1. Any idea what the dipole of the chain comes to, in debye rounded to 20, about its Cα centre with Lys/Arg Cβ at +1 and Asp/Glu Cβ at -1?
2. Ranking request for peptides 134-144, 117-127, 74-84: highest mean number of other beta-carbon atoms within 10 Å first, then the rest in descending order.
3. Calculate, in nm to one decimal, what ASP126 and ARG104 gain on full extension: separation in residues at 0.36 nm each, minus their alpha carbon distance.
4. Given a 1.4 Å probe and heavy atoms of the protein chains only, how would you sort TYR50, TYR246, largest accessible area at the top?
5. Subtract the Cα-Cα distance of GLU37 and GLU159 from 0.36 nm times their separation in residues, and report this length gain in nm to one decimal.
6. With labels modelled as points extended 7 Å from the Cα through the Cβ direction, what inter-label distance (nm, one decimal) is found for ALA169 paired with SER75?
7. Measuring from label point to label point, each 7 Å out along Cα→Cβ, what is the ASP212 to ILE25 span in nm?
8. Of the listed pairs LYS63/LYS83; LYS40/LYS151; LYS115/LYS152; LYS63/LYS271; LYS171/LYS283, which have alpha-carbon separations greater than 30 Å here?
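The values are calculated or read from the model by the stated rules, or taken from the named source; none is laboratory data. These numbers were taken from a predicted model, which means no experiment stands behind them. For neighbour counting, all protein chains shown are included, and Cβ atoms are generated from backbone atoms with ideal geometry for every residue, glycine included. Protein only, heavy atoms only, side chains kept; ligands, DNA and RNA dropped before computing areas. Shrake-Rupley method; radii C 1.70, N 1.55, O 1.52, S 1.80 Å.
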Amino acid sequence: GKPVMKVGHGGTLDPLASGVLVLGIGKGTSKLQSYLEGDKQYTAMVELGYETTTLDAEGEIVKTMDWNHVTSIDSIREMVVPKFTGKIQQVPPLYSAIRVDGKRLYEIARGGDEKEAQDVEIPMRDVEVYKVEVENTLSESVIQSGVVDGKKYKEAVQEMEAAAAAAAAEKAAAAPPPAEDVQELNDDTAGKKRKKRRGNKNKGTKKKSFFDESTVPTVQCDSSTDTTSFELPLFTLNVSCGGGTYIRSIVRDIGYEMDTVATMTGLVRTKQGPFLLEDALRKEDWNADKIYEAMTKIE
């Protein structure tokens, strides 16, 4: 039968991101676009010195560079503000929902064909950044939204991968040797087996997630103040921008401009159109009364 009520959203977030996600309920689904007119604002955690396949903490490290010549937040700010404010061009991440030749880029990235992923040409895009700030702090409201702790995330993943490799090696060592008198398959059966293997060779598999939202390591708030501060190679970006802007790409390009590399280790959307993080419903408040109360505020 027909659904009881339609529900739509105004744009998803990256897997490790948090913050404002605007939902349309009932008639609100047809009004989402009008509700979302205006800028988007993000706060990003950045770490200098390494770059990943996904340009965030979830990907595999593909490049490392020294960052010690970057001596202060001020030096980053002096470069970033004039260079990345206004109408700029950027190349979106390979792990994104943009279509190239009819396929989503993330489908190409995860499809198992490394050559296709390496050879794909991602078109440069014109985007607009209204304001960018370089800081070394996160506010309490942003931290409470859930900012991934990049350092702890990397360390935990490395421990898990090492443990998995050790378990696999132990299992392989304990496995009995293959029997020497295995009956050979006839030509017809073997051909079918080979054909089946070839058919499955490039079948993409979704990358296993090491954490869910309740277990992923996050930055903790300093109990003695309403902000938490960081030191290089960590810093934060506050970005106000138009639609279609990839913060991961901005972070990557900042690294290049500073003669090093950089990765976005955490992201919080703090504003989408007129909707602010401070007014967003936290997960523990997802009930009928709270949702209705939130809806009446914008009628």
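1. 1620
2. Highest mean packing first, the order is 134-144, 74-84, 117-127.
3. Gain on extension, ASP126 to ARG104, equals 6.0 nm.
4. TYR246, TYR50
5. 39.5 nm
6. 4.0
7. The answer from the label model is 2.4 nm.
8. Pairs exceeding 30 Å: LYS115/LYS152; LYS63/LYS271; LYS171/LYS283.
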